[in-house]
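Below is one structure; the comments refer to it alone.
A short reminder: the numbers here are calculations on the coordinates, not readings from a lab. Just so we're clear, the structure is a prediction, and the values are computed from it rather than from any experiment. Here the Cβ is made from the backbone with ideal geometry for all residues, glycine too, and neighbour counts use every protein chain on show.
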Amino acid sequence: MAPNFYLSVDIGRSNTRVWLFDDAYDAYSLRASAQSPSTVGERTDVRLGFIAAVEKIQDETGINLLDPRKHLLIDSEGRIGVRGAGLSLSAGEPIRTTLIGVSENYSLAALRRLVSLFHTKVVMEINLQDDLNDTAQLENLISSQSELFVIGGGFDEGASKRIRAAIENIRVVYHNLPGLAQPQIVYAGNRSLAEYAERELEAGPDLHLAGNIQPLEEQEDLQVGWKAMLAAFARVREGQIPGLVELQKQLGQRVIPTTFATTRTTRIMNSMNTNGKGVLTLDVGAGGVDVIVVQDGLVMGGRHQTSLTTRDIQHTQAVIGMGLDKEWLATALYNKQAHPGILPATLQDIALEQAWARVRIQNALNSVAEVFPTLNYDPSVGLRRDFEPIVLSGACLTGMPTERQVFLTGLDSILPHGITTFVLDKDQLMPALGSLAAVEPLVAIQVIDSGIFINLGTAVSVISPGKIGDQVISVEVDEGESPREHYTLTKGEIKRIELLPQTPAHIYLSPASDSDVGMGLVGLGGWLSVSTGKVGVVIDARGRPLSLPEDDAARSEKINDWLWELGG
Amino acid sequence: MEVVRISKDQTVLRRYVLPCKGKVLVQIGQSVAPGEPIAEVDLPGRFQVFDVVNSLHVKPGQMEKIMKRLAGEEVKVGDVIAQKNGLFSRIFRAYEDGKVLSVREGKVTLALGERKAQVSTAIPGTIVEVIPDRGAVVSAQGALIQGAWGNGLSAAGPFQVTEIDYTKPDRNGNWPDMQGKICFLETCPRLENLRRIVNRKPAGLVFCSAMPGLVPELRGLPIPVILLSGFGDIRIDPITSEVLEVLDGQVVYSNALQREPETDSFPEVFLPKVSEQVHGLFESPETLSIGSKVRLLGMPYTGSVGEVVEIPAAAEKFASGLVLQPVVVKRADEQVIRVPRENLELLVQ
């Protein structure tokens with residue numbers, strides 16, 4: 001029987017990537033992938049980049065995917081071409097968004113969380129409790145030049161007068177300003193006003209009604225707003241990107257934000273996870289960093305656009321594993337900003353690339369933590385919630401020369417607590433599987449299950465109040481037939497334990513009475529079963545925050561020592 | 001790999017469009033001068049939301065009775081919009097010409113006054129395409145230098161290749177006259193001297209490079225600033241130098257746009273001129289080949305130029321440990337180096 005094919009497309013700022021999956025070997029697996037420069041702009045057509053990428057896959061596999069008009073051959077019965085396709089997009093400027101809520105605590109904070117997965121930039125927030133008269137509010141709404149208005153707030157059956165007034169002002173903006181495309185409106189507030197909003201706004205397909213994301217005090221459910229946000233996202237991008245409407249029609253799917261697609265895959269991984277911990281995904285690209293966290297039914301995350309500040313330069317200097325002149329470093333970073341496509345050619349370049357990735361990951365985690373305080377992240381102390389696995393993705397990580405460098409970049413930027421596993425999404429499949437999940441969920445589940453992500457290794461972080469040099473943990477490694485090995489680490493050390501390939505190992509962790517290895521109690525140890533990863537098991541007894549020398553040269557040497565301990 | 005144009009004779013197509021629908025003011029074939037409007041739209045000057053119910057002390061049910069104007073109606077200054085009769089009559093009048101936008105929920109919303117939003121061409125040229133309701137594409141020919149960084153502003157003025165002896169005081173004719181000129185200086189000086197330059201009122205500044213510490217200052221200057229090669233201490237390359245000679249003394253247009261190659265947006269200096277050569281109306285796609293002129297981007301070669309002498313088919317491992325597609329380049333100083341393809345800018349001359 002002929003295999004079933006599914007195609008996933010992700011349109012980025014620089015490249016359009018396409019992945020082809022099939023079930024030739026019973027379960028779905030990645031058959032081929034290709035990329036081509038994106039063609040997103042007013043004077044071009046997004047389909048050109050898509051066609052170029054699909055043609056590369058055709059050439060590689062010999063599978064006919066395009067008809068003579070260069071349209072995707074798609075047939076849900078699987079007789080020709082592909083059975084289905086997914087489409088995600090991160091190209092384009094963030095969507096200019098205005099949030100309107102009845103108060104800071106009870107709606108604006110929740111709205112910020114709602115829009116964070118949809119490639120938005122909040123350009124204005126209107127707190128209806130502020131003493132702003134209707135005229136001033138209207139002027140603000142107009143001057144924001146928003147492409148998207150998101151209204152929230154008000155418990156169901158609660159007070160509604162101020163929300164009604166705001167709806168009236170949005171109506172004026174919507175019907176009277178000559179925008180290129182009509183702004184989109186998402187209503188996610190008091191449910192008793194939803195009908196009123198629909199009637200008053202008269203915005204037809206540009207109004208997207210969601211459930212109330214805060215129906216009761218102390219209750220928040222962002223997921224009831226996702227469908228409306230997805231529809232609004234697609235409408236905005238359809239109006240901006242020539243060829244997108246036609247491409248959606250060909251694929252039989254509406255476009256979703258790449259960050260949201262990655263979120264879907266992270267949720268699937270979390271649902272397949274039996275360890276009870278959450279899943280964290282970091283996608284580090286040249287233009288921005290996506291952070292997605294799924295844990296206990298909660299989804300947190302967002303996209304942090306890359307920018308460069310003086311503080312970032314100082315921070316990069318503080319975490320670079322090579323003694324580089326400050327002026328050189330700042331010059332290289334600014335030139336990298338001007339030319340994001342530059343690739344590291346020298347040792348200095350790669351040291352800078354890794355340090356810059358750490359800074360950007362920390363900035364991204366920090367910005368997500370500002371919107372989602374329950375993330376429990378502090379840049380110096382690290383991430384205090386438990387996640388396993390941590391998925392590392394994106395060109396800036398997958399492009400690093402060795403897996404050990406990727407591992408240490410992840411470890412030092414996230415600073416996890418307890419025990420976790422790092423995996424690498426070498427083929428950058430997270431968005432690809434997420435956009436396909438709505439078409440055929442089995443593709444995502446089976447591809448993830450096939451072990452397509454590279455197991456980098458396990459990190460055990462030992463948190464101890466002791467001082468540098470104090471003994472904090474003893475470790476015993478049992479790999480079956482070979483003699484058991486024993487290690488003792490003092491605070492400040494990091495130790496890589498190489499494991500035999502294809503051999504499951506058991507490690508006994510015996511922390512000092514005041515040290516925490518994430519086994520539930522301070523001082524509590526136990527056996528840990530680990531599978532072989534590229535790096536092995538890393539016992540990180542450096543503590544939190546990391547203790548680094550003040551002197552630039554000594555600090556760089558220290559960071560370099562850590563990398564060498566992991567194998568260079 | 002990015003493509004950058006540094007040429008004595010180049011066709012330039014620039015698109016000028018409104019951010020919203022409006023009226024296009026030009027036609028295909030029409031010549032336009034810098035600053036000439038391409039399209040415009042009339043927008044309300046301001047808005048007013050008037051709470052009729054609370055201000056005139058009427059019940060919501062009485063709105064229909066007291067409203068004198070309906071939504072959509074034009075109003076003149078002094079026109080009565082709403083009037084409550086009785087012992088103490090109360091009136092709401094338009095204080096400016098405008099339009100009633102809405103009458104709802106006990107409130108009336110007015111758009112008052114008028115302001116024109118226009119988009120104008122920054123370069124002189126000919127209209128080659130009209131984009132309905134939005135704007136047009138201007139085509140021009142001339143000398144063009146695209147750069148690496150701009151502060152977002154634009155201006156026009158005579159171009160001057162400027163040399164300054166910073167050891168001398170900036171008076172008594174020690175420093176060249178810069179007022180109203182687009183001045184090129186090879187390196188951006190330290191902050192104190194930069195401020196002395198700005199005090200001499202140039203219309204714009206073009207540097208080959210600047211040290212990163214000066215970026216906040218350059219970003220905040222009220223005149224356009226362009227860095228041609230990027231950041232650091234980069235000397236001008238011979239290819240750019242030749243074009244700078246052509247610009248010297250001529251009126252040029254400095255558009256210090258932020259660089260976004262994906263949208264064909266570059267900071268650039270443009271000198272329009274009539275060419276003996278007839279060019280097509282489209283900028284042709286460029287590809288890297290043996291003999292191509294390139295500019296190097298990565299450290300330590302940033303800003304230097306050379307010629308491609310070999311494009312090996314196989315990827316190779318660089319000192320960084322990455323396996324990348326190499327290109328062999330002979331630099332202007334005869335040094336032959338291997339660099340990743342991504343670390344090159346293809347120069348179109």
### Difference of contour (0.36 nm per residue) and Cα-Cα distance, A:LYS121 to A:ALA438
111.5 nm
### Cβ-Cβ FRET estimate between B:LYS23 and A:LYS56, R0 fixed at 41 Å, reported to 0.05
0.40
## Note on the structure
Per-residue Cβ contact counts at 10 Å, fewest first, order B:TRP149, A:TRP328 as A:TRP328, B:TRP149
### Query
Once you charge only the Cβ atoms, +1 for Lys and Arg and -1 for Asp and Glu, what is the size of the charge dipole of the range B:293-348 about its Cα centre, to the nearest 20 debye?
60 debye
### Query
Over chain A, what is the mean sequence separation of C-alpha contacts under 8 Å (at least six apart), divided by residue count, expressed as relative contact order in percent?
12 percent
#### Entry: Solution diffusion estimate, µm²/s, Stokes-Einstein, the range B:60-182, Kirkwood Rh from C-alpha pairs, 25 °C, viscosity 0.890 mPa s
115 µm²/s
### Task
Compare the peptides B:287-293, A:516-522, B:105-111 by average per-residue count of other Cβ atoms within 10 angstrom and give them in order, highest first.
B:105-111, A:516-522, B:287-293
## Note on the structure
Cα convex hull volume per residue for the range A:371-454, in Å³, equals 122 Å³
### Summary
Here P(r) for the protein assembly as shown, Cα-Cα distances in 20 Å bins, as whole percents, is 12, 39, 37, 12, 1, 0
### Summary
Note: A:166-178 gets an average of partner chain Cβ contacts (10 Å, Cβ to Cβ) equal to 4
### Task
Scan chain A and note any complete DSSP helix (H) whose C-alpha atoms cover at least 15 Å along its axis and whose Kyte-Doolittle average is 0.0 or more.
A:46-61, A:347-371, A:403-414
### Query
Can you give the FRET efficiency for A:GLN305 and B:SER265, using 1/(1 + (r/R0)^6), R0 = 22 Å, r = Cβ-Cβ distance, to the nearest 0.05?
0.80
### Query
Regarding the range B:8-125, what are the three Cα extents along the principal axes, ordered largest first, in Å?
79, 23, 19
### Query
Can you give the charge dipole size of chain B about its Cα centre, rounded to the nearest 20 debye, using +1 on the beta carbon of Lys and Arg and -1 on the beta carbon of Asp and Glu?
1820 debye
## Note on the structure
Taking Cα atoms, the helix B:238-247 axis meets the longest principal axis of chain B at an angle in degrees (rounded to 10) of 50 degrees
#### Entry: Per-residue average of Cβ from other chains inside 10 Å of A:325-337
6
### Query
If r is the Cβ-Cβ distance from A:SER29 to A:GLU485 and R0 is 30 Å, what FRET efficiency results, to the nearest 0.05?
0.25
### Task
At 0.36 nm per residue, minus the direct Cα-Cα distance, what do A:LYS426 and A:SER271 gain on full extension? Give it in nm, one decimal, please.
53.6 nm
#### Entry: Where Rh is the Kirkwood radius over Cα pairs, Rg/Rh for the range B:45-113
0.94
### Query
For the range A:268-376, what relative contact order do you get, as a whole percent, if you take Cα pairs closer than 8 Å and at least 6 residues apart?
26 percent
### Message
Given the -39500 (n - 2.57) contribution per DSSP H run of 4+ residues, what per-residue ellipticity at 222 nm results for the protein assembly as shown, rounded to the nearest 500 deg cm²/dmol?
### Response
-7000 deg cm²/dmol
### Message
Per-residue counts of other Cβ atoms within 10 Å, averaged by peptide: what ranking do you get for A:125-131, B:58-64, highest first?
### Response
A:125-131, B:58-64
### Query
In what sequence do A:ILE463, A:ILE100 fall when counting other Cβ within 10 Å, fewest first?
A:ILE463, A:ILE100
### Task
Could you tally the net charge around A:GLN362, taking each other residue with its Cβ under 14 Å from the Cβ of A:GLN362, Lys/Arg +1 and Asp/Glu -1?
0
## Note on the structure
Ranked from fewest to most other Cβ atoms within 10 Å of their own Cβ, A:HIS339, B:HIS57 fall in the order B:HIS57, A:HIS339
#### Entry: Positive-pole candidate from B:GLY22, B:GLY125, B:THR263, dipole of chain B, charges at beta carbon
B:GLY22
### Query
What does the convex hull of the Cα atoms come to per residue for the range A:121-203, in Å³?
89 Å³
### Summary
For the range B:293-348, using Cα atoms only, the Rg and Dmax in Å read 10.5, 31
### Task
Mind ranking A:299-307, B:151-159, A:553-561, A:415-423 by how tightly packed they are, going by the mean number of other C-beta atoms within 10 angstrom, highest first?
A:415-423, A:299-307, B:151-159, A:553-561
### Task
At a Cα cut-off below 18 Å, give the aspartates and glutamates reachable from B:LYS65, other chains included and same-chain residues fewer than 8 away excluded.
B:ASP51, B:GLU73, B:ASP79, B:GLU105
### Message
Rounded to whole Å, give me the distance from the Cα center of the range A:164-233 to that of the range A:525-540.
### Response
49 Å
### Message
Which one, A:VAL291, B:THR187, A:ALA197, projects farthest toward the positive side of the charge dipole computed for the protein assembly as shown from Cβ point charges (K/R +1, D/E -1)?
### Response
A:ALA197
### Task
Work out the mean other chain Cβ neighbour count within 10 Å for the residues of B:316-324 and drop it here as an integer.
6
### Mean Cα-pair separation over length for chain B, i.e. relative contact order, pairs under 8 Å, 6 or more apart, %
19 percent
### Task
Could you work out how far apart the two model spin labels at B:THR126 and A:GLU370 are, taking each label as a point 7 Å from the Cα in the direction of the beta carbon, and quote it in nm?
5.1 nm
### Message
Suppose every Lys and Arg Cβ carries +1 and every Asp and Glu Cβ carries -1, with no other charges. What dipole size does the protein assembly as shown come out with about its Cα centre, to the nearest 20 debye?
### Response
2280 debye
### Task
Enumerate the whole-percent occupancy of each 10 Å bin, from 0 to the last occupied one, for all C-alpha pair distances of the range A:235-367.
11, 31, 27, 23, 8, 0
### Query
Per 5 Å bin from zero, what fraction in whole % of the C-alpha pairs of the range A:489-568 is there, up to the bin with the longest pair?
3, 13, 19, 22, 18, 14, 8, 3, 0
